[in-house]
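Right, one structure below, let's go through it.
Only the coordinates and a few stated rules stand behind these numbers; no lab work does. Model, not experiment: these values are computed from the prediction. Note: ideal-geometry Cβ built from the backbone for every residue, glycine included; neighbour counts use all protein chains shown.
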Amino acid sequence: NYLKQKKAFSNLIAMDPSFVEGWNKRATIRYMLGDFEGSLDDISEVLARQPRHFGAISGKGMILFQQEKYEDALKVYSDLLKLDPHNDFGMIMYEKIIKMLGDLV
């Protein structure tokens with residue numbers, strides 16, 4: 001149950017706010033619950049502690065894409081590809097957004 005998992009990770013974060021994966025897992029659970037803003041808040045905490053966290057960067061891009069903030073998502077995926085040029089998902093999303101933005105013009 002996602003709500004129980006969210007509570008468990010919230011408790012873990014309260015006990016040890018420096019534990020990056022606690023924030024990251026709660027961000028994922030919030031995403032699954034449709035709480036995109038809460039997920040983005042947790043992702044910000046992850047990236048403040050570990051700026052090169054590929055999963056958090058990718059998750060941020062996915063949320064921005066779903067919120068139809070395509071230019072912001074494109075920037076996130078561009079940054080991800082600078083860190084990890086062989087990230088297949090990042091490349092797929094980058095190319096998809098480029099095509100979408102081109103079709104909108």
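Annotations
- The residue that is nearest to the chain's Cα centre (by Cα), among those in the range 35-88 that are over 18 Å from E21 (Cα atoms) and of a type in the set (V, I, T), is I63.
- Subset of the range 76-105 (residues that are without any contact (Cβ under 8 Å) to a residue 12 or more places away in the chain and among the charged types (D, E, K, R)): K82, D88, E95, K96, K99, D103
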